[in-house]
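The values are calculated or read from the model by the stated rules, or taken from the named source; none is laboratory data. The structure displayed is predicted, hence computed values, not measured ones. Heads up, the Cβs are rebuilt from the backbone with ideal geometry, glycines too, and the neighbour counts pull from every protein chain shown.
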Amino acid sequence: MSTTTTTTTLPPEFQDNLESIRIMGFWVFLTTDLVLFGSLFAVYVVFRSRVGLGPTPHQLFSMGPVLTETLILLTSSFTCSLSLYSARKNRVKGAISWLVVTLALGMSFVLLEIREFTTDVLNGHTWHQSAFLSGFFTLVGTHGSHVTVGIGWAIMLAIQLGMKGLTLTTRRKLYAFALYWHFLDIVWIFLFTVVYLSGIA
Amino acid sequence: MDIKLWTLHLLKVLFPPQVLLPDIVAIDIGLTVATIVIGAYLTKTRKWGWLWHEWLTTVDHKKIGIMYLIAALIMLFRGGVDALMIRSQLIAPNAHFMGAQQYDEVFTTHGTVMIFFMAMPMIFALFNATIPLMIGARDVAFPRLNAISFWLFAFGAILLNISFSIGGSPSAGWMSYPPYSELLYNPGVGENYFLLSLQIAGIGTIATGINFLVTILRMRAPGMSLSKMPIFVWASLITSSLVLFAFPPLTVALGLTMLDRVFGASFFTLGHQGMPMMYVNLFWIFGHPEVYILVMPAFGVFSEVVPTFSRKALFGYEAMVGSLLAISFLSYGTWVHHFFEMGAGPTVNVFFGLSTMLIAIPTGVKMFNWIFTMWGGRIRLTVPMLWQLAFIPTFVVGGATGIMLAAVPGDYQYHNSYFLIAHFHNVILGGTVFGVLSGMYYWWPKMFGWNLNQRQGTWAFALFVGGFWLTFMPQYFLGFEGMTRRMATYPAGLGWTALNVWSTVGAFVMGAGFVVMVYNILWSRMHPDWDTTGDPWDGRTLEWSLPSPAPEYNFARIPVVRSRDEWWSMKQEGRTDEVKTSEATVRPIHMPRNTPMPIMLAAAFFVGAIGLIFGWFWMAILGGVGVVAALAYGSFADYSEIEIDAKKVLKTEAQLGRVES
């Protein structure tokens, strides 16, 4: 398949037919992930009040660390866009550097989340204790593991950008990664609202 | 000493008493012998390399389709044997051909295998074999992902099938409702097998859904607008979109049950305020769209078969598309009809009852469209057409009993009785299985290059359909007389015996039909009726414009589509030379390269799943590392395409007589 250049304003990864098909495939994948998170949200909302002998959301959550996590993740979305912006301006070093910043922020997000979970477990609040805790750990943990996967992806992507530079393929991969990362950010905003804000309030 | 104890413990885990029944041991021995014989044959004929390069690492959609088909037929055999075991047990009152535990395992495996490992791959076999050919594409949008889907399905199927000889089979039914599926009531590894095998196959299914959705939306030949697509392509498009929204809830339902069982969470347990009904809801939010995922491709097949064998364009194309869309939309609003007894109250139940009944309207529209297509046509009673003709009354009966089940007060009476069993076999067999078998006979020459013997095919058809009616009609009456599903045995004197005898006889007649079908395939392989024209049925859509089987690259020259039944128009208007290529027009073709990554990835999933099933976390981690390694290998490896140069294309086309002088 050859490139079908219609307008020069489109970024290179969209001008190539095959790469633009792959981007569409990734969008479709994100819809399935959206349904997955939707199901987990439904489970959480149903289980929220089923606390058994365990703590209620109000007793469990504290705003401080969660707010920090939120700020870190929102910032990482911004740096992720900067990486894509650099790629669009054909600055491969900028793209890699901002990608590294993004994954560093992602890692600190995950570490904070792990610390929150460990604290809960050390206080005896394992997910065995109640349906609410099961739903909470699974919903937040699924998001966290998505972020972890994203970090692994970003590392490999940074290496590939270093090795191959800005080819059509690496541009497309960076774009797909950015989609994924922003998607996780949006999921987190819902998580923050549905789980933490409405739990603390 | 330690090692000795450890080995003993391992043996006890791998081979609990339930897998040491004499029949299972006999099957184990038979399978081992068969494996050794096949291995020896491959070694002796030096075919390992061929197997690896031509099949195991292929990304060609046509070969993947064939592998899906073979796997599905093997699974049909496995599920069919389970069915015959169930019917043998029920032929007489107080029969103890199997113990209750084994009976539970057998019906669980029967349902799981038939739905997930027979019907789904059979559908994907048809998708793979035909969709790119029908839309004028050289492959699917993501060929490597397609291979990944297949291998995930294959390893998932292997996982479920080894459960009966290693560790123990699942026994909680194909829906596997908690709390019975929870660790407290269902210890052992059987249920873990169920969860992990479906999870792995389910990931593959989601990938297939993504793949075909994007393929159909983005890879069509120039000129083929959405309204010029064959209905089978429409059905596949809608099926794929259903997969995308239906399978993630299943992933969640299975995943949470696994967290309960393996990692001690409290989702669906009775203690700690878990809620088993949440599983049931999640399962059927998947499960109801799933039955349309199963039946829509069959509708698609019939919409191709009927026009071809009536020599008429399909009646009501727009109504067909509209009704497919309506069914797919409505299918998300019906899941509660599987458990009206939950106690959601009359308002909720009436809503779901009505939405279920509404589905009968678009389905009825389709029925009339097929009949009107036949009306006044020149009908040829080939095997694919016979399956279609059998489908109409069968599916109508199944649909009508479905309406009876959707009536809420009535459902309280026949819920989970044999009436229900008869109903869903009526629609799933009469719809999906008749449909995929019709499609198999229809596209067989396109897939393999030789046709199946029609006379033997007719015998297989007659036995199967006759056996089908004999099996399931008595079950409606058994349901009315109070026999509930999943009874391992029943006492005498309830008036059930005669009906059960008829049902069992019917099941064995169906089994004979399957045997004839296999004979049909093997005989036709040995006495091939070569399809030299590429168009044995005088077909209407683009796949028949290609030689059988199609060359690796499908189309040397991508067609420009002008009408709905493009190949038919070409033939009518004398434009068939449009599919030929010439020295002036031939171009090099880029095709994806074979890769071992898909099978490696699926094998890593398999290892990880075994680790989770037996609670050997080191092995689960090992599998996880393998998955990451395979993905990294796939990402870094330069899988640039191979180029088939123009000369080679021209040579291949010339051999097929498809070069313009």
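Considering the conditions (1) within 14 Å of another protein chain (Cβ to nearest Cβ); (2) in contact (Cβ under 8 Å) with a residue 60 or more places away in the chain; (3) outside any loop (DSSP other than H, G, I, E, B), A:GLN129 is excluded by exactly one of them, (3).
Exactly one residue out of B:LEU84, B:LEU90 is touching a helix residue (DSSP H, G or I) at 6+ places or on another chain (Cβ under 8 Å) and either crowded, with 24+ Cβ neighbours inside 10 Å or of a type in the set (Lys, Arg) (or both): that is B:LEU90.
Residues in segment B:271-320 that are among the aliphatic types (A, V, I, L, M), in a helix (DSSP H, G or I) and more than 30 Å from A:TRP127 (Cα to Cα): B:VAL291, B:ILE293, B:LEU294, B:VAL295, B:MET296, B:ALA298, B:VAL301, B:VAL305, B:VAL306, B:ALA319, B:MET320. Considering segment B:342-371, the residues that are surrounded by 16 or more Cβ atoms within 10 Å (Cβ to Cβ) and hydroxyl-bearing (Ser, Thr, Tyr) include one that is nearest to B:PHE302 (Cα to Cα), namely B:THR363.
Taking the numbered list (1) in a helix (DSSP H, G or I); (2) in the same structural domain as B:LEU126 (by TED's automatic domain parsing) in turn, B:THR58 passes all entries but (1). Scanning segment B:169-185 for residues that are in contact (Cβ under 8 Å) with a residue 24 or more places away in the chain and either more than 16 Å from B:GLY111 (Cβ to Cβ) or of a type in the set (A, V, I, L, M) (or both) gives B:ALA172, B:MET175, B:PRO178, B:PRO179, B:GLU182, B:LEU183, B:LEU184.
Yes/no matrix, rows are residues, columns are (1) in a strand (DSSP E or B); (2) touching a Cys at 6+ places or on another chain (Cβ under 7 Å); (3) surrounded by 13 or more Cβ atoms within 10 Å (Cβ to Cβ):
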| residue | (1), (2), (3) |
| --- | --- |
| B:PRO598 | no, no, yes |
| B:GLY626 | no, no, yes |
| B:GLU643 | yes, no, no |
| B:THR652 | no, no, yes |
| B:SER661 | no, no, no |
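Report yes if A:SER108 is in contact (Cβ under 8 Å) with a residue 60 or more places away in the chain and either closer than 22 Å to A:THR68 by Cβ or within 12 Å of chain B (Cβ to nearest Cβ) (or both), otherwise no. Spelling it out, it is not the case that A:SER108 is in contact (Cβ under 8 Å) with a residue 60 or more places away in the chain and either closer than 22 Å to A:THR68 by Cβ or within 12 Å of chain B (Cβ to nearest Cβ) (or both). Here the condition is being more than 10 Å from chain A (Cβ to nearest Cβ) and within 18 Å of the chain's Cα centre (by Cα); of B:SER323, B:SER236, it holds for B:SER236 alone. Among the residues making up segment B:560-575, those that are among the charged types (D, E, K, R) and either in contact (Cβ under 8 Å) with a residue 24 or more places away in the chain or in a helix (DSSP H, G or I) (or both) are B:ARG562, B:ARG564, B:ASP565, B:GLU566, B:LYS571. From B:ARG525, B:ARG486, which residue is under 25 Å from the mean Cα position of the chain (by Cα), part of a loop (DSSP other than H, G, I, E, B) and either assigned by TED's automatic domain parsing to the domain that holds B:SER176 or among the aliphatic types (A, V, I, L, M) (or both)? Answer to the check: B:ARG486. Listed by first and then second residue, the pairs with beta-carbon distance under 7 Å, at least 6 apart or on different chains, first residue in segment B:1-18 and in contact (Cβ under 8 Å) with a residue 40 or more places away in the chain and basic (Lys, Arg), second outside any helix (DSSP H, G or I) and loosely packed, with under 10 Cβ neighbours inside 10 Å, form an empty list.
Checking B:GLY190, B:GLY209, B:GLY173 one by one, the residue that is over 15 Å from B:VAL262 (Cα atoms) and in contact with a Gly (Cβ under 8 Å, 6 or more places away or on another chain) is B:GLY173 and no other. Scanning segment B:270-287 for residues that are touching a Phe, Trp or Tyr at 6+ places or on another chain (Cβ under 7 Å), at the interface with another protein chain (Cβ under 8 Å from one of its Cβ atoms) and either among the β-branched types (Val, Ile, Thr) or crowded, with 24+ Cβ neighbours inside 10 Å (or both) returns B:GLY274, B:ILE285.
What do you reckon, is B:ILE231 within 14 Å of another protein chain (Cβ to nearest Cβ), among the hydrophobic types (A, V, I, L, M, F, W, C), under 23 Å from the mean Cα position of the chain (by Cα) and under 21 Å from B:PHE124 (Cα atoms)? Here the answer is no, as B:ILE231 does not meet what is asked. Starting from residues that are within 11 Å of another protein chain (Cβ to nearest Cβ) and among the aliphatic types (A, V, I, L, M), keep the ones in segment B:239-253 and report whichever is nearest to the chain's Cα centre (by Cα). In this case the residue turns out to be B:VAL243. Against the test of being within 16 Å of A:ILE72 (Cβ to Cβ) and within 12 Å of chain B (Cβ to nearest Cβ), the options A:THR148, A:THR169 yield a single qualifying residue, A:THR148. Could you say which residue among B:ILE115, B:ILE166 is within 21 Å of B:LEU76 (Cα to Cα) and touching a Phe, Trp or Tyr at 6+ places or on another chain (Cβ under 9 Å)? Among B:ILE115, B:ILE166, only B:ILE115 is within 21 Å of B:LEU76 (Cα to Cα) and touching a Phe, Trp or Tyr at 6+ places or on another chain (Cβ under 9 Å).
When B:PRO393, B:PRO445, B:PRO409, B:PRO474 are checked against the criterion of being over 30 Å from B:ALA125 (Cβ atoms) and at pLDDT 95 or above, a single residue qualifies: B:PRO474. Note on segment B:6-15: among residues that are surrounded by 11 or more Cβ atoms within 10 Å (Cβ to Cβ) and more than 31 Å from the chain's Cα centre (by Cα), the one that is nearest to B:GLY190 (Cα to Cα) is B:VAL13.
Within segment B:259-269, the set of residues being within 11 Å of another protein chain (Cβ to nearest Cβ) and either within 18 Å of B:GLY287 (Cα to Cα) or not β-branched (Val, Ile, Thr) (or both) comprises B:LEU259, B:ASP260, B:PHE263, B:GLY264, B:ALA265, B:SER266, B:PHE267, B:PHE268. For segment B:219-235, residues that are part of a helix (DSSP H, G or I) and surrounded by fewer than 17 Cβ atoms within 10 Å (Cβ to Cβ) total 2. Residues that are in a helix (DSSP H, G or I), under 16 Å from B:MET229 (Cα atoms) and within 14 Å of chain A (Cβ to nearest Cβ) within segment B:126-164 comprise B:PRO132, B:ILE135, listed in sequence order. Selection of first residues in segment B:198-219 that are over 13 Å from B:SER236 (Cα atoms) and within 8 Å of chain A (Cβ to nearest Cβ) and of second residues that are outside any helix (DSSP H, G or I) and not β-branched (Val, Ile, Thr), restricted to Cβ pairs under 7 Å at least 6 apart or on distinct chains, gives the following pairs, ordered by first then second residue: B:ARG218/B:ALA141; B:MET219/B:ALA137; B:MET219/B:ALA141. From the list A:THR56, A:THR32, the one residue that fits, being in contact with a Phe, Trp or Tyr (Cβ under 9 Å, 6 or more places away or on another chain), surrounded by fewer than 18 Cβ atoms within 10 Å (Cβ to Cβ) and within 14 Å of another protein chain (Cβ to nearest Cβ), is A:THR56. When segment A:43-53 is filtered for residues that are facing chain B (nearest Cβ under 8 Å) and among the small types (Gly, Ala, Ser), only A:GLY52 remains. Within segment B:492-507, the presence of a residue that is closer than 30 Å to B:VAL579 by Cβ, exposed (fewer than 15 other Cβ atoms within 10 Å of the Cβ) and touching a residue at least 24 places away in the same chain (Cβ under 8 Å) is excluded.
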